[in-house]
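What follows is a short report on a single structure.
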Amino acid sequence: MAVNLETVFKSVQELANSKQVPEKYIHPEGPVNTSPPLLDVPEVDLSLIISPTSPARDEELNKLQSGLKSCGCFQVINHGIEDSFLDKMHEISKQFFALPTEEKLKYARTVDADAIEGYGNDSVLSEKQTLDWTDRLYLNVFPEDIRKLQFWPQKPECFREVFEEYLKKLKLLSESLLKAIATSLNVEENCFLDQCGECRTMVARFNFYPPCPRPDVVLGVKPHADGSAITILLQDKEVEGLQVLKDDQWFRVPVVPYGFLINVGDQVEIMSNGIFKSPLHRVVTNAQRERNTLAVFIMPDADVEIGPVEKLINEERPRVYKNVKNYVELFFQYYQKGRRPIEAAMI
């Protein structure tokens, strides 16, 4: 059951209205560079990749591989999902976060420290923890039997209908992407998809970043890598905020309206035997503008063991990772402590 959190929960949105930044949100590692150089992220045309007769297919696969090797991500365009429908998704997210607090609290996560599903923000696991300047709505979405509909908003009224349609489209998109990522390495196209299992999990996270009075010392999301196989991010069409660490330097990720940013998570790094790197990334804040994004995490079935694809292990590239199962279990604990769980999977 969702519980009323008004006595224990303070949304970041409310903090933004008060123009106060509590000490626990101040980033401990000094000033935040909100305008570093722009990252060169390849734009990959998915329609050319899924057409086996396309003369440009190999070129697109090479761009995809290059992006995942150099910075762990790429932008996918011509993915088959209509612009007008993506506008609907943006709109229902904005409308939800614009609801009165008491309405949003109907979908609040429970007060358990390890509970993430529902509306809320960071779980506080330690007194020294630095908090993220964001409110979120987490929903477990696939397989359908893991859904807890008490956390699915009924306002705006079209939320469930539009979101359900979006998930069907993203399930198909994720399959095409996992096949393309494998194909770019000249391995069997289903090898990553098969490792994810029939009951692979999809988790959605709606992110709302209110304006922040101190973007120089506050982060929307602290540095981390994703514990997923892949992450599909629908960015805000107008407001940047995502940054990726490359060669020990932070870079801004450009916004491609109606494209998706795809990054590999730790589990595809393991499957690719370290050829593709799960990128460290963070979100910066903005003094004037709010930002809305939607991330969908594609994760292997927790009961399925994953490991490096045999064809990607050789004398030049020995096996880097052990086989692992239920990788996500410890992910959030590691994340809040600022540690990378993938270290535990290394040989």
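For the stretch 76-122, the set of chymotrypsin sites (Phe, Trp or Tyr not before Pro) satisfying both a DSSP loop assignment and a count of at most 13 other C-beta atoms within 10 Å is empty. Each 10 Å bin from zero up to the one holding the largest Cα-Cα distance in the stretch 7-148 carries the following percent of pairs: 9, 23, 28, 27, 12, 2, 0. What the phi angles of the stretch 135-149 give under the Karplus curve with 6.51, -1.76 and 1.60, with θ = phi - 60°, is a coupling list of 9, 9, 10, 9, 9, 7, 10, 9, x, 4, 6, 9, 5, 10, 5 Hz, glycine and proline written as x.
Using 21 Å as the Cα-Cα cut-off, could you pick out the over-long pairs in Lys169/Lys237; Lys69/Lys169; Lys63/Lys277?
Lys69/Lys169
For the stretch 35-133, the list of trypsin sites (Lys or Arg not before Pro) that fall in a loop by DSSP and count at most 12 other C-beta atoms within 10 angstrom reads Lys128. Evaluated at q = 0.10 Å⁻¹, a Debye calculation over the C-alpha positions of the chain (equal weights, vacuum) places log10 I(q)/I(0) at -0.59.
Against the main long axis of the alpha-carbon atoms of the chain, helix 57-70 sits at an angle near 60°. Here the residues Asp83, Asp40, Asp216, ranked from fewest to most Cβ neighbours within 10 Å of their Cβ, fall in the order Asp83, Asp40, Asp216. Note on the chain: with charges restricted to the Cβ of Lys and Arg (+1) and Asp and Glu (-1), its dipole about the Cα centre is near 680 debye.
Tell me what the chain gives for mean residue ellipticity at 222 nm when only DSSP H runs of n ≥ 4 count, each as -39,500 (n - 2.57), the sum divided by the residue total, rounded to 500 deg cm²/dmol.
-7500 deg cm²/dmol
Every Cα-Cα pair in the stretch 204-291 was counted, and those over 23 Å apart are 24% of them. For the stretch 221-312, GluC sites (Glu not before Pro) are listed when DSSP marks them as loop and at most 12 other Cβ atoms sit within 10 Å of their Cβ; the list is Glu238.
Only the coordinates and a few stated rules stand behind these numbers; no lab work does. Note that this is a predicted model, so its numbers are computed, not measured. Neighbour counts run over all protein chains shown; Cβ positions are idealised from the backbone, glycine included.
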